[in-house]
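K.L.:
Got a structure for you, questions after.
Nothing in this text is a laboratory measurement; each read-out follows from the coordinates by a stated rule. No experiment lies behind these values; they were computed from the predicted model shown. As a convention, Cβ positions derive from the backbone with ideal geometry for all residues, glycine included, and neighbour counts pool all protein chains shown.
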Amino acid sequence: MQPLLDAEGRLRNGWRVLGFLGLFLMAGLAVSLLTHLWPRALRPYVPTKWLMVVGALAASWLCLHLEDRPWASLGLRFNGAFLRDLALGTLGGAALIGAAAALAAGAGAVHWVRTPGVSAGDLGAAVSLFLAVAAFEELLFRGYPFQRAVDGLGFTGAQIVFALLFAFLHWSNPGMTGASVAWGTLNIALAAVLLGLCWRRTGSLALPIGVHLGWNWTQGSLLGLGVSGTASQGWLTPLFHARPVWLSGGTFGLEASLPCALVCSAAILFLWRWKGWEAGLDEGPSGGASTASGF
């Protein structure tokens, strides 16, 4: 067996993933260099998150170009359907984290009070930040690397690998201690599976980007909870009660809670049974559900 080439003489998918990561790291170094060259007084205004999105897009485009794949194959078709999926995903992500918050409140673990000084303008400004974070992470974890892993390992294999990787990369986040390690790891892995199914059922990155955006924005900017451990000042301020931390997630956020696990599991079950907007999308844009061409 050729270590570099598959049976058809093409570069193996694992090497393609590594090639993408190399290009992405180069883009990250370029963004870092640009930020350091920028005048110190203006550095807080450099849109670093969006520059990283541009870097991920550039690496994706170059890899697709070298493979002679169309840009649309990545799942970025900027049309009416893309906007529909983005909007519905945003509402869905907000509803999911809202349901988890309602369960935590119903269990007597937390309640909310209005945060003074936070305006509607602050909520709107946070949308841009969380949209950049969602687009960046989905390009990395449901974009080109994930899709090539699907080609090589099959959808189930790619889901397992990327869910574990997604969870592992959150271990260094603030608040990932004690029981939060177990619950946070479980829920972040479940969220990765959920987002992977969003891509699978639509053949687009719009739905997972929207779900990611709605989830993070609602959890952080609206409810004032930690977003995977990152503290946020929200429209509301949570007041935690004397209940086990795994009921609310504590400072890490609802992603380290039982209610989140229940909500994610229900959403995964729904997506597992849902066949997508159109017949045949459950086969996925990269081929059959269990087809693997070698990694």
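K.L.:
What FRET efficiency do you get for residue 177 and residue 10 if R0 is 51 Å and r is their Cβ-Cβ distance, rounded to the nearest 0.05?
P.N.:
It comes to 0.70.
K.L.:
If you don't mind, another one. Short version: ³J(HN,Hα) in whole Hz for each residue of region 149-165, in order, from phi by Karplus 6.51 cos²θ - 1.76 cosθ + 1.60 (θ = phi - 60°), x for Gly and Pro, what are they?
P.N.:
For region 149-165, the Karplus-derived couplings read 5, 4, 4, x, 10, x, 5, 5, x, 5, 4, 5, 4, 6, 5, 5, 5 Hz, x marking Gly and Pro.
K.L.:
Continuing with this model, one more query. Show that you can apply the helix-only estimate: for the chain, add -39,500 (n - 2.57) for every DSSP H stretch of four or more residues, divide by all residues, and state [θ] at 222 nm to the nearest 500.
P.N.:
So the calculated ellipticity at 222 nm is -20000 deg cm²/dmol.
K.L.:
Also, quick follow-up: Starting from region 1-107, pick out the chymotrypsin sites (Phe, Trp or Tyr not before Pro) whose DSSP state is loop and whose Cβ has at most 12 other Cβ atoms within 10 Å.
P.N.:
78
K.L.:
What distance in nm separates the two pseudo spin-label positions at residue 127 and residue 61, each 7 Å out from Cα along the beta-carbon direction?
P.N.:
Each label point lies 7 Å from its Cα, and together they span 2.6 nm.
K.L.:
For the chain, which longest stretch is free of loop sites, where a loop site is one of the GluC sites (Glu not before Pro) that DSSP puts outside H, G, I, E and B and that has at most 11 other Cβ atoms within 10 Å?
P.N.:
9-277
K.L.:
Here's another thing I want to ask about it. Hey, if you put +1 on the Cβ of every Lys and Arg and -1 on every Asp and Glu Cβ in the chain, which of 168, 204, 145 ends up farthest toward the positive end of that dipole?
P.N.:
168
K.L.:
With springs only between Cα atoms under 10 Å apart, run a GNM on the chain and tell me which of 253, 108, 224 wobbles the most.
P.N.:
108
K.L.:
Then there is this: Stretched out fully, how many nm does the piece from residue 165 to residue 48 gain, at 0.36 nm a residue minus the Cα gap?
P.N.:
Value of the extension gain: 39.8 nm.
K.L.:
A follow-up question, please. Once phi is turned into θ = phi - 60°, what whole-Hz ³J(HN,Hα) does the Karplus curve with 6.51, -1.76 and 1.60 give for every residue of region 115-124, x standing for Gly and Pro?
P.N.:
Ordered by residue, 3J(HN,Hα) equals 8, x, x, 8, 9, 4, x, 5, 5, x Hz.
K.L.:
Can you run phi through the Karplus equation (6.51, -1.76, 1.60; θ = phi - 60°) for region 239-248 and list ³J(HN,Hα) in whole Hz, with x for Gly and Pro?
P.N.:
Karplus values, whole Hz, x for Gly and Pro: 10, 8, 9, 7, 10, x, 4, 5, 7, 10.
K.L.:
What is the P(r) of the chain, as percent of Cα-Cα pairs per 10 Å bin from 0?
P.N.:
For the chain, the binned pair fractions read 6, 26, 33, 24, 9, 1, 0 percent.
K.L.:
Sequence-distant or interchain residues sharing an amide H contact under 5 Å with residue 5, placed H: which?
P.N.:
12
K.L.:
In addition: List the trypsin sites (Lys or Arg not before Pro) in region 9-96 that DSSP assigns to loop (not H, G, I, E or B) and whose Cβ has at most 14 other Cβ atoms within 10 Å. Which are they?
P.N.:
Here the sparse-neighbourhood loop sites are 10.
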